[in-house]
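> Below is the structure I would like to discuss, written out as structure tokens.
The values are calculated or read from the model by the stated rules, or taken from the named source; none is laboratory data. Since this is a predicted model, take the numbers as computed values, not measurements. Here the Cβ positions follow ideal geometry from the backbone for every residue, glycine too, while neighbour counts run over all protein chains shown. Just so you know, the surface numbers come from the protein's heavy atoms only, side chains and all, with ligands and any DNA or RNA stripped out. Shrake-Rupley method; radii C 1.70, N 1.55, O 1.52, S 1.80 Å.
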Amino acid sequence: MFIEENPISLLDDDKLNRREFAESLAQAISNYKKESCLTISLMGKWGSGKTSIINMVKNYWKNNDSNNIVIHFNPWYFSNNNNLLFQFFDILVNSSGKDFTDYVNTDNLKKLGKSLINMTSFSLNFGLGSISINPEVNNSLSDEETLLSLKNKISDDFKNLKKKVIIIIDDIDRLSDDEVKQIMMLVKSLADFPHVVYILSFDKDAVVGSLKNLKVYNPDMFLEKIIQIPIVVPEIRASQLDKLVTFYLDDFYKKYRDVDETYQKDFFDIYSYLRLFFDNLRDLYRYINIITFYFSVFKDDVNINDFMLILAVQLFEHKIYNKIKDNPDLFLVSTENQKDDIKEDNKNKIQEIIGLHSKLSEDEIYHILLKLFPRIRMYYRNIDLEDSYRDWKYNFRICTTEFFYNYFTLNLEAEDLSATSIDDLFKLDDVEKISEMFLEHDRNNQTKDLFDIIINRMRDIPKENAHYFIDSLIDIGDQLHVPLNTFFDKKVYLSRILDDLLKKYDNNSERFDVLQNAIDNSENSLYVAIEILSDQDFIYNRFTYENDRKDVSEALIDENDLEKLEDMMVLKIRKWDETDKLWDSLDLEFILDSWELWDSEIDVVKRVKEFISEGKNALRFARGFRNINSTTIHADSPSEIVQKFNLKSMVKYFESIDDLRSKYVEVCNNESLDDNEKEICASLIKQIDEDYFTFQSGQKPGVGTYICINCNQEIMLDDSNDALPPCPNCNGVEFKKIN
């Protein structure tokens, strides 16, 4: 449903009850009988309907055989051509008809127009200030003829006219300051002929601004000297605009949303927010055309209410839209980043973004952001919305990491990621070439940029090519890298891309065949395929994920086929174990968990214990449980790279946390460790001590600083043979090592 943004042309097209106003204006002009030139202004803001009113006035005259010669001159069409005045006289000559040319010598009009080409100075003074241009009088005037004498001849001709000449000059507020000056001179001095009525249409604030730039003293009074009858366009009543907004939005909504029992509630829910953005019909028409264009493309990947609202933000509050797009981590709030030390900072960042508002108020922007991103409420109040996330994801909401980027168009800014190279990639039907291209971009640190493009242009990958991309990513996904200081890590990107690729297929059987082939041919990755299958496990609640299987309809493969694929992965994991390749995987923790769930024939815990009992293998094992992340909270915050071992997952392969610590203390004493191995070992022991260990008075925990758990009194031990004494401050007996 595209709407013509053009002004209406006919009285019958009126939707704002302005017909009576237009007819009254037309009648008043027709009844004007004086000979002297009359200038009327029709003033209103951009989009207020000035041109529509003019068109209805013209339509009235046409329908009622008005005795007028009507000429519509839009100077904006000739802007920046340095011949605005010439164009006016040229249109006057060529548009007036026989009733005009029988009385007026058009050669004189042409001569006057030619004489004003490239005019640079002429004085117009009303006692309140003046504006000047100078004519370069060219060969069109004879030696005896002056500009004034030529104008007087033309004026005498106009006195003989039997009809009024109504000259409409529209869009004056779009002109440059110099061109506004020329129009004012035209109507007041150069072409103020008898029996002429000017209708000047403009936004008064814009024209006053131009006059100020021209150093005119008191521009308002200056306009009063030029315009005899100032008319302000009637404001659109709120009730009229409400009716039209409701009509057009509802008409659009019905095309893309099932009309069910919740339809009316959902529509009026989003309507109450969208209505805030529309001050006039032009706002509404622009929005409807843009949302219609975009939604026809994105409708399968977004929530209609969220998309309608974020597009309104983009169109009318662009600065805020850009901040949302560039700071997903600030808006996709998780309970994990709700620590007290960052919560207030995040709230302040949200307030700064709200402060960028231009069209709406701060309170209106706040409630719109809250509608789109419910979890930002957690910055203001301690409300846990974790349980709602499943519903948001099910409904393609913008507030989920899975669908956030669906709502934003992509700017290709990476130097080497040209549109041509991306198009070439999407056309490839060779797994090896696709993998080579991925790995090349990875070497150039462009994997994230490439992933962003693929997500936003997923529809450009033909269905017949999708399986080549799936084969490639399942084979090499573990080898790709995404910068640590980005909100979405590589795992999220790969999961999203593969999910979208698989959805190109019509049914679960087709997807099973594609995945079976990809897993069978993969040699360089385990994690990517395991992640896909684990997501399906969650949907089917196969391993007590505390999921009530509500979303089984979202499954990409049937449950029986899922088991077949997991059996294939078990064989691959075993093979990687046999070749010793398994233990160098940086995703070892996740792989071992899945192996244990899927393999009923091998005791995975026992196998791990066997492996780590041999020499430095414990360090290879620990590396696979280390998470390296950035502390980035939002785009303009400083970040720090931190590493943490998942001790809770590691300890199940040991007798206890003490056994875990003892093992790595033993490994640390190995003199053959290189610097990287020493760093891993030392970091792990330090984290164990910080996260788990307390010491009793009388124990000999080694050199270091200890703090009393009861009163925070510090005690230092300088000798590893010294025992901890009771706390000298409170006589406490429990301590924690802090250094």
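> Can you tell me which residue among ASP260, ASP269 is surrounded by fewer than 19 Cβ atoms within 10 Å (Cβ to Cβ) and at pLDDT below 80? Break it down stepwise before answering.
Working: ASP269 fails: at pLDDT below 80.
Answer to the selection: ASP260.
> Let me ask something additional. Among the candidates LYS215, LYS162, single out the residue that is assigned to a loop (DSSP other than H, G, I, E, B), in contact with a Gly (Cβ under 9 Å, 6 or more places away or on another chain) and farther than 17 Å from ILE40 by Cβ.
LYS215
> Any residue at all in the range 621-641 that's closer than 18 Å to ASP478 by Cβ, hydroxyl-bearing (Ser, Thr, Tyr), at pLDDT below 95 and in a loop (DSSP other than H, G, I, E, B)?
no
> Could you list, in sequence order, the residues of the range 440-458 that are more than 27 Å from the chain's Cα centre (by Cα) and within 14 Å of VAL482 (Cβ to Cβ)? Spell out the reasoning first.
Keep residues of the range 440-458 that are more than 27 Å from the chain's Cα centre (by Cα), which gives 440, 443.
Of everything in the range 440-458, just one residue is more than 27 Å from the chain's Cα centre (by Cα) and within 14 Å of VAL482 (Cβ to Cβ), namely ARG443.
> Specify which of the listed residues (LYS678, LYS686, LYS736) is open to solvent by 40 Å² or more (accessible area, probe 1.4 Å), in contact with a Ser or Thr (Cβ under 8 Å, 6 or more places away or on another chain) and not in a loop (DSSP other than H, G, I, E, B). Talk me through it step by step, then tell me what you get.
On the way: LYS678 fails: in contact with a Ser or Thr (Cβ under 8 Å, 6 or more places away or on another chain); LYS686 fails: in contact with a Ser or Thr (Cβ under 8 Å, 6 or more places away or on another chain).
So the residue among LYS678, LYS686, LYS736 that is open to solvent by 40 Å² or more (accessible area, probe 1.4 Å), in contact with a Ser or Thr (Cβ under 8 Å, 6 or more places away or on another chain) and not in a loop (DSSP other than H, G, I, E, B) is LYS736.
> Is it fair to say LYS503 is out of contact with any Gly (no Cβ under 6 Å at 6 or more places or on another chain) and modelled with pLDDT of 90 or more?
yes
> Output the residue which, of all residues in the range 500-532 that are in a loop (DSSP other than H, G, I, E, B) and without any contact (Cβ under 8 Å) to a residue 12 or more places away in the chain, is most open to solvent (accessible area, probe 1.4 Å).
Per the stated criteria, the residue is ASP506.
> Mind listing whichever residues of the range 689-700 are open to solvent by 30 Å² or more (accessible area, probe 1.4 Å) and assigned to a loop (DSSP other than H, G, I, E, B)?
Selection gives TYR692, THR694, SER697, GLY698, GLN699, LYS700.
> Among SER600, SER553, which is the only one that is surrounded by fewer than 14 Cβ atoms within 10 Å (Cβ to Cβ), in a helix (DSSP H, G or I), among the small types (Gly, Ala, Ser) and out of contact with any Phe, Trp or Tyr (no Cβ under 8 Å at 6 or more places or on another chain)?
Working: SER600 fails: in a helix (DSSP H, G or I).
Only one candidate qualifies: SER553.
> Report, by residue number, each residue of the range 561-587 that is touching a residue at least 12 places away in the same chain (Cβ under 8 Å), within 26 Å of SER509 (Cα to Cα) and either open to solvent by 80 Å² or more (accessible area, probe 1.4 Å) or of a type in the set (Asp, Glu) (or both).
ASP561, LYS564, GLU566, ASP567
> Those residues that are touching a residue at least 60 places away in the same chain (Cβ under 8 Å) and not aromatic (Phe, Trp, Tyr), I need them from the range 588-608; list them, please.
Selection gives GLU589, ILE591, SER594, LEU597.
> If you check VAL665 against the conditions, is it modelled with pLDDT of 85 or more and open to solvent by 30 Å² or more (accessible area, probe 1.4 Å)?
In short, yes.
> Scan the range 702-727 for residues that are open to solvent by 30 Å² or more (accessible area, probe 1.4 Å), in a loop (DSSP other than H, G, I, E, B) and either under 26 Å from SER656 (Cα atoms) or modelled with pLDDT under 90 (or both) and jot them down.
Answer for the range 702-727, where residues must be open to solvent by 30 Å² or more (accessible area, probe 1.4 Å), in a loop (DSSP other than H, G, I, E, B) and either under 26 Å from SER656 (Cα atoms) or modelled with pLDDT under 90 (or both): VAL703, ILE709, ASN710, CYS711, ASN712, GLN713, ASP718, ASP719, SER720, ASN721, ASP722, ALA723.
> Would you say ILE612 is buried (at least 19 other Cβ atoms within 10 Å of the Cβ) and touching a residue at least 12 places away in the same chain (Cβ under 8 Å)?
yes
> Scan the range 131-170 for residues that are out of contact with any Pro (no Cβ under 7 Å at 6 or more places or on another chain), open to solvent by less than 50 Å² (accessible area, probe 1.4 Å) and at pLDDT below 85 and jot them down.
Answer for the range 131-170, where residues must be out of contact with any Pro (no Cβ under 7 Å at 6 or more places or on another chain), open to solvent by less than 50 Å² (accessible area, probe 1.4 Å) and at pLDDT below 85: ILE131, ILE133, PRO135, SER140, LEU141, GLU145.
> Identify the single condition in (1) modelled with pLDDT of 85 or more; (2) more than 25 Å from VAL233 (Cα to Cα); (3) in a loop (DSSP other than H, G, I, E, B); (4) not aromatic (Phe, Trp, Tyr) that LYS33 does not satisfy, given that it satisfies every other one.
(2)
> List, please: which pairs have Cβ atoms under 7 Å, are six or more places apart or on different chains, and start with a residue in the range 456-476 that is more than 18 Å from MET569 (Cβ to Cβ) and end with one that is in a loop (DSSP other than H, G, I, E, B) and among the charged types (D, E, K, R)?
From residues that are more than 18 Å from MET569 (Cβ to Cβ), the pairs are LYS463/LYS504; ASN465/ASP429; ALA466/LYS504; TYR468/ASP429; TYR468/ASP430.
> Okay, next question. Considering each residue of the range 171-182, count those that are farther than 19 Å from LYS114 by Cα and crowded, with 21+ Cβ neighbours inside 10 Å, and give that number.
Result for the range 171-182: 4.
> Right, here's the next one. Regarding the range 185-206, can at least one residue be identified that is touching a His at 6+ places or on another chain (Cβ under 8 Å), in contact (Cβ under 8 Å) with a residue 60 or more places away in the chain and either open to solvent by less than 30 Å² (accessible area, probe 1.4 Å) or assigned to a loop (DSSP other than H, G, I, E, B) (or both)?
The answer is no, given that none of the residues of the range 185-206 is touching a His at 6+ places or on another chain (Cβ under 8 Å), in contact (Cβ under 8 Å) with a residue 60 or more places away in the chain and either open to solvent by less than 30 Å² (accessible area, probe 1.4 Å) or assigned to a loop (DSSP other than H, G, I, E, B) (or both).
> Conditions first: (1) closer than 21 Å to TYR32 by Cα; (2) crowded, with 19+ Cβ neighbours inside 10 Å. LEU223 passes all but one, so which condition is the exception?
Evaluating LEU223 over (1) closer than 21 Å to TYR32 by Cα; (2) crowded, with 19+ Cβ neighbours inside 10 Å leaves (1) as the failure.
> Considering only the range 470-499, state which residues are surrounded by fewer than 18 Cβ atoms within 10 Å (Cβ to Cβ) and at pLDDT 90 or above.
Within the range 470-499, GLN479, ASP499 qualify.
> Would you call SER613 more than 25 Å from SER509 (Cα to Cα) and hydroxyl-bearing (Ser, Thr, Tyr)? Give the derivation first.
Details: more than 25 Å from SER509 (Cα to Cα): yes; hydroxyl-bearing (Ser, Thr, Tyr): yes.
Against the criterion (more than 25 Å from SER509 (Cα to Cα) and hydroxyl-bearing (Ser, Thr, Tyr)), SER613 qualifies.
Residue-wise test of (1) of a type in the set (A, V, I, L, M); (2) under 28 Å from PRO462 (Cβ atoms); (3) over 40 Å from the mean Cα position of the chain (by Cα).
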position	(1), (2), (3)
ARG496	no, yes, no
ASP520	no, yes, no
ILE573	yes, no, yes
TRP598	no, no, yes
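> Next question, about the same structure. Between a first residue in the range 425-453 that is part of a loop (DSSP other than H, G, I, E, B) and a second residue that is among the hydrophobic types (A, V, I, L, M, F, W, C), which pairs have beta carbons less than 8 Å apart while being 6 or more apart in sequence or on different chains?
As it stands, the answer is LEU428/ILE434; LEU428/MET437; GLN446/ALA414; GLN446/LEU417, since those pairs meet every condition given.
> Continuing with this model, one more query. If SER683 passes every condition in (1) of a type outside the set (Phe, Trp, Tyr); (2) at pLDDT 85 or above; (3) farther than 30 Å from ASP345 by Cβ but one, which one does it miss?
For SER683, the failing item is (3).
> Which ones in the range 426-469 are among the hydroxyl-bearing types (Ser, Thr, Tyr) and either open to solvent by 20 Å² or more (accessible area, probe 1.4 Å) or in contact with a Phe, Trp or Tyr (Cβ under 9 Å, 6 or more places away or on another chain) (or both)?
Filtering the range 426-469 for residues among the hydroxyl-bearing types (Ser, Thr, Tyr) gives 435, 447, 468.
Across the range 426-469, the qualifying residues are THR447, TYR468.
> Counting only residues that are open to solvent by less than 50 Å² (accessible area, probe 1.4 Å) and at pLDDT 90 or above, give me the helices (runs of 4 or more DSSP H) lying completely in the range 319-404 with at least 1 of them.
340-354, 362-372
> Of all residues in the range 84-111, which are open to solvent by 40 Å² or more (accessible area, probe 1.4 Å) and assigned to a helix (DSSP H, G or I)?
Hits for the range 84-111 are PHE86, ASP90, ASN94, LYS98, ASP99, THR101, ASP107, LYS110, LYS111.
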